[in-house]
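Contents: one structure, followed by commentary.
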Amino acid sequence: MSEFLTYLVNGLAVGCGIALIASGLVAIHRVTGVVNFAQGTFAVIAGLSASWLLGAGLPHGAAELAAVLIAAAAGLLTGLVAIGRRGTAPQSSLIITLGVAVLAYAVEIVAWGDQPRSFPGLPGSVTLPGGAEIQRHHLLVVAATAATFVLLTLFFERTYPGKALSACASNPYAARVIGIDVTRMGLLAFLLGGLLGGLAGVLVTPLRPISFDTDVLLMVNGFAAAVFGALRRPGLALAGALLLGVAETLAAGYGYAAYQTEIALGFMLVVMVVQASRRATIHEEAV
Amino acid sequence: MIETRDLVVRHGSATALDQVSLSVRRGEMVALLGPNGAGKSTLADTLSGILSPAAGTVRIGGRLAHVPEGRQLFPDLTVQDNLLLGGWRSGERDTAFVYELFPALAQARRRRAGVLSGGQQQMVAVGRALMSRPDALVVDELSLGLAPNVTRDLAGHIVRLNAERGLTVLLIEQNARLAFGMCERAYVLEAGRVVAQGPCAELAGDPRVVRAYLGGAIGGGTRS
């Protein structure tokens with residue numbers, strides 16, 4: 001039982017990391033309509049930067065913060081390339097983000113080499129009454145994710161700039177009619193996406209070392225969770241991410257570690273098939 | 001208030017507007033008629049700054065708001081949020097005057113704009129435009145897809161805004177009867193060119209206008 005509890009909390013922490021990747025995908029898609037395939041890259045850049053900065057002697061906290069800011073800059077840069085040119089269709093932007101993600105491999109290998117890197121997270125652990133042992137870093141990941149999602153939801157649904165950002169995705173033409181600069185808002189969304197991806201990177205790296213190509217694993221999981229929220233709803237994406245994280249950790253804990261990615265892919269496939277069939281029904285009703 | 005001179009707007013290599021000159025004086029309400037594809041909405045988009053002219057000039061003597069064709073609301077946001085966003089440029093955050101103008105919207109303020117009836121959606125679109133506290137309003141296809149009594153009601157509101165608050169209005173319509181009933185003066189746009197202009201009373205007697213927009217002799221054909 002205590003073993004199960006430990007796996008469960010581990011799974012929630014992994015799920016939170018996935019949720020943060022998904023939240024960045026949702027933030028960018030909600031505003032620009034673009035699925036950003038460089039979202040995992042932001043996390044990798046932050047994880048590698050943090051490990052490098054800590055190695056260079058920066059204290060904990062400062063190094064992680066700087067790494068998140070570097071990821072945010074990478075987000076803005078990706079946005080400039082992907083949507084900076086007016087009139088770029090979201091499908092074209094999607095391909096551009098894929099290109100950015102591949103190009104980033106080269107930059108990362110030149111800057112930090114091709115070996116996996118990691119750094120220690122919050123040290124120590126707490127023992128629950130049942131005997132289950134939980135690492136403090138796992139609790140930190142869960143708390144940081146919870147805070148991020150509350151802030152993100154409040155921002156999009158309660159604040160004026162948040163609503164203006166949502167309006168850009170809801171009807172870009174109408175947003176321009178009322179004077180919103182849709183491209184600038186899209187860049188803001190990419191900046192936010194970089195920030196969220198960076199946060200995921202610095203939180204997840206102590207759990208699992210990352211290298212330049214870890215973005216694929218992060219992206220597959222994050223996208224599966226984001227699709228669960230139809231790429232629009234942060235709350236549902238969080239639920240999907242936790243479900244995925246727990247399922248994968250339990251599978252790994254009971255000896256099926258090799259199937260982690262397949263679980264995410266299967267999950268994504270089922271959700272997309274179900275959603276596609278539901279959407280078709282809605283269209284029929286509307287006609 | 002609104003003036004274009006020899007305005008040329010292109011979509012790629014196609015010319016959507018070809019040397020269009022028109023003017024609307026402060027406090028005036030002027031109609032712009034024309035069939036689908038004549039360039040009416042292109043003109044509206046150019047006046048509100050979404051499209052840029054390839055040649056010619058646009059002069060707007062004040063703040064201009066645009067009620068776009070097809071209403072173009074934010075369907076997943078509430079009525080209240082749709083209105084609030086209308087104040088993006090002006091900084092206006094008080095929606096009370098819109099609900100006073102359209103009491104039917106007051107009960108719907110928390111509902112998503114996408115689920116409202118066509119008439120209510122058009123009210124939101126007009127209200128959102130008014131939130132920018134405009135001096136001039138470009139209304140693109142007010143009557144599109146609406147029942148005649150709903151159109152009449154909305155038209156009444158626009159006429160009152162013009163008469164009582166001095167709002168300058170450029171009314172873009174396919175429904176010539178409605179436009180002639182509301183405005184003193186009109187322009188007729190076809191294939192990107194102004195082909196006729198003048199007082200509505202005169203245009204209503206122009207055989208070409210009658211044939212194209214009034215469905216045969218005035219008073220005959222369909223009644224609206």
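Observations on the model:
- Residue exposure sequence - B:Phe102, A:Phe155, A:Phe42, A:Phe149 - by fewest surrounding Cβ within 10 Å: A:Phe155, A:Phe149, B:Phe102, A:Phe42
- Positive contributions from Lys and Arg (+1) and negative ones from Asp and Glu (-1), summed over other residues with Cβ under 12 Å from the Cβ of A:Ser23, come out at +3.
- Among residues other than A:Leu250 with Cβ under 15 Å from its Cβ, the summed charge is -3 (Lys and Arg +1, Asp and Glu -1).
- Rounded, prolate or oblate (a/c below 1.5 giving rounded, otherwise prolate when a/b exceeds b/c) for region A:130-226 by Cα gyration tensor: prolate
- Cα pair distances in the protein assembly as shown, grouped into 20 Å bins until the bin that holds the longest one, percent each: 21, 42, 26, 10, 1
- Region B:72-133: radius of gyration over Cα atoms, expressed as a fraction of 2.2 N^0.38 Å: 0.95
- Test item: Cα-centred dipole of the protein assembly as shown, Lys/Arg +1 and Asp/Glu -1 on Cβ, debye: 1100 debye
- Relative contact order of chain A: 37 percent, from C-alpha pairs under 8 Å at least 6 residues apart in sequence.
- Chain B: relative contact order in percent, alpha carbon pairs under 8 Å with at least 6 residues between: 27 percent
- Comparing A:Ile18, A:Ile96, A:Ile109 in a Gaussian network model of chain A, where Cα atoms under 10 Å apart are tied by springs, the biggest mean-square fluctuation is seen for A:Ile109.
- Highest-MSF residue in chain A out of A:Leu250, A:Leu192, A:Leu242 [GNM, Cα springs under 10 Å]: A:Leu250
- Residue order, fewest to most beta carbons within 10 Å, for B:Arg128, B:Arg133: B:Arg133, B:Arg128
- Total formal charge among the other residues, if their Cβ is under 12 angstrom from that of B:Ser90, Lys/Arg +1 and Asp/Glu -1: +2
- Histogrammed with a bin width of 5 Å, the alpha carbon distances of chain B distribute as 1, 7, 15, 19, 20, 16, 12, 7, 3, 0 percent, first bin at zero.
- Using C-alpha pairs under 8 Å with a sequence gap of at least 6, the mean separation divided by the residue count of region B:1-121 gives a relative contact order of 23 percent.
- Remark: B:Phe97, B:Phe180 ranked as B:Phe97, B:Phe180, counting other beta-carbon atoms within 10 Å and listing the fewest first.
- Axial C-alpha extent at least 20 Å, average Kyte-Doolittle at least -1.0 - helices from chain A (DSSP): A:2-32, A:39-55, A:62-83, A:90-112, A:136-158, A:182-204, A:234-253, A:260-286
- Highest-MSF residue in chain A out of A:Leu94, A:Leu154, A:Leu187 [GNM, Cα springs under 10 Å]: A:Leu154
- With only the Cα atoms considered, region B:67-179 has a convex hull volume of 93 Å³ per residue.
Bear in mind that the values in this text are calculations on the coordinates, not laboratory data. Small disclaimer: the values here were computed from a predicted structure and weren't measured. We place every Cβ from the backbone using ideal geometry, glycine too, and count neighbours over all the protein chains shown.
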